1. Name the residues in the range 144-190 that are acidic (Asp, Glu) and either farther than 23 Å from Ser213 by Cα or part of a loop (DSSP other than H, G, I, E, B) (or both), would you?
2. If I go through the range 39-63 residue by residue, how many of them are part of a loop (DSSP other than H, G, I, E, B) and either loosely packed, with under 15 Cβ neighbours inside 10 Å or at pLDDT 90 or above (or both)?
3. In the set Arg171, Arg122, which member is basic (Lys, Arg) and surrounded by fewer than 16 Cβ atoms within 10 Å (Cβ to Cβ)?
4. With under 27 Å from Val43 (Cβ atoms) and without any contact (Cβ under 8 Å) to a residue 12 or more places away in the chain as the only criterion, which of Arg168, Arg103 stands out?
5. Taking Glu87 as the residue in question, decide whether it is closer than 19 Å to Gln200 by Cβ and not assigned by TED's automatic domain parsing to the domain that holds Thr206.
6. Would you confirm whether or not the range 137-153 contains a residue that is surrounded by fewer than 20 Cβ atoms within 10 Å (Cβ to Cβ), farther than 24 Å from Ala3 by Cα and either in contact with a helix residue (DSSP H, G or I) (Cβ under 8 Å, 6 or more places away or on another chain) or of a type in the set (D, E, K, R) (or both)?
Amino acid sequence: MFAFFDPHEHVRITCRNLPHWFQPGATYFITFRTEDSLPADVVSLWRRRRDDWLRRHGIDPAASDWQQHFRTLAVHEQDQFHLKFSEEYLAFLDKGYGECVLRRRDVASKVAQTLEHFDGQRYYLGDFVIMPNHVHLLVGLLGETDVTRLCYSWKKYSAQSINRLLGRRGRLWQEESFDHLVRNTQSFERFRWYIARNGQDAGLRTYEYYYRSCPHLPVLEANGLAVEGISGNPVPPQGTPMPDVPRR
C-alpha cells in the first residue's frame, strides 16, 4: 500500500522555494498551507537563512541552476539542508499566523472530504491532520499519479468548496506545497507520529484541529496507550449540521 523511495529508480527533481522530488508509486509526507499562514517577513527570514546556508556551501541561490549545484553536495549535507529548513518551515506554521480558517469544523470538513475523495483510486491516503492554517498528510501514489498535480487538485477543489461555504472569492491556499519522499519504514513511522502529535505539540485545544489515522495501518502506541481513529475537532459526514465553534 505504501511503497518507499527507491534510490535505484529514476527521480525527477524540480525546485522553486522548496525542492520537489517525484518518483511514481512512492509515498510522500505533504504539507500545504493557507495563503496567509506565513507573513512576508517570516518568509523573508526563512529565505535569508536558506540562502546564507547555500552560500556557505559554495552555491549561489540567485543562479537559475542552483539546484543542480546543490545535488553535487555530499548526501549528508543535502540531508542536513532538508532537515534544517523543513523543520524551520513547519515550526513557523505551528505559530498560528493568519486567519486560521481551518479551525472551523465546517471548513475542515471540506478539506477532509477532498482528501478522501479518490482514496484507493489514485492514491492511498494515510494519516492526516488539519491544523488551523495548514494540512499535513501521508499519501502513497498509485500508477503515474503526479504529486504536484495531486496537490494542485486538492487545493483547487477544496478552495472552491470553502469559498462557496464562506461566501468568498480569491485564493485560499499558498501555491507551492511541501512534499518529502518517504525513504523507509522508520521515516514513515516518524511522520505518522509527527502528524498524530502536531495539534497537541502546537498547544491547540481539541476543537482547533482534526486528526485522522489511516484505518489500514497499525495503531500507534505510546506508553501502552493507543493513538488511533479520530481525535481533535471531529469532522462529521457530508450534510451533517455544524454547531458553532468556539473562538480564541
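1. Taking the range 144-190 first, the residues acidic (Asp, Glu) are 144, 146, 175-176, 179, 189.
Once the filter is applied, which keeps residues that are acidic (Asp, Glu) and either farther than 23 Å from Ser213 by Cα or part of a loop (DSSP other than H, G, I, E, B) (or both), the range 144-190 yields Glu144, Asp146, Glu175, Glu176.
2. 7
3. Details: Arg122 fails: surrounded by fewer than 16 Cβ atoms within 10 Å (Cβ to Cβ).
Going through Arg171, Arg122 in turn, just one is basic (Lys, Arg) and surrounded by fewer than 16 Cβ atoms within 10 Å (Cβ to Cβ): Arg171.
4. Arg168
5. So Glu87 fits the description; yes.
6. The initial filter retains those residues of the range 137-153 that are surrounded by fewer than 20 Cβ atoms within 10 Å (Cβ to Cβ), namely 142-146, 148-150, 152-153.
Subset that is farther than 24 Å from Ala3 by Cα: none.
No, the conditions are met nowhere in the range 137-153.
The values are calculated or read from the model by the stated rules, or taken from the named source; none is laboratory data. Bear in mind the structure is a predicted one, so any value in this text is a computation, not a measurement. So basically every Cβ, Gly included, is an ideal-geometry build from the backbone, and we count neighbours across all protein chains shown.
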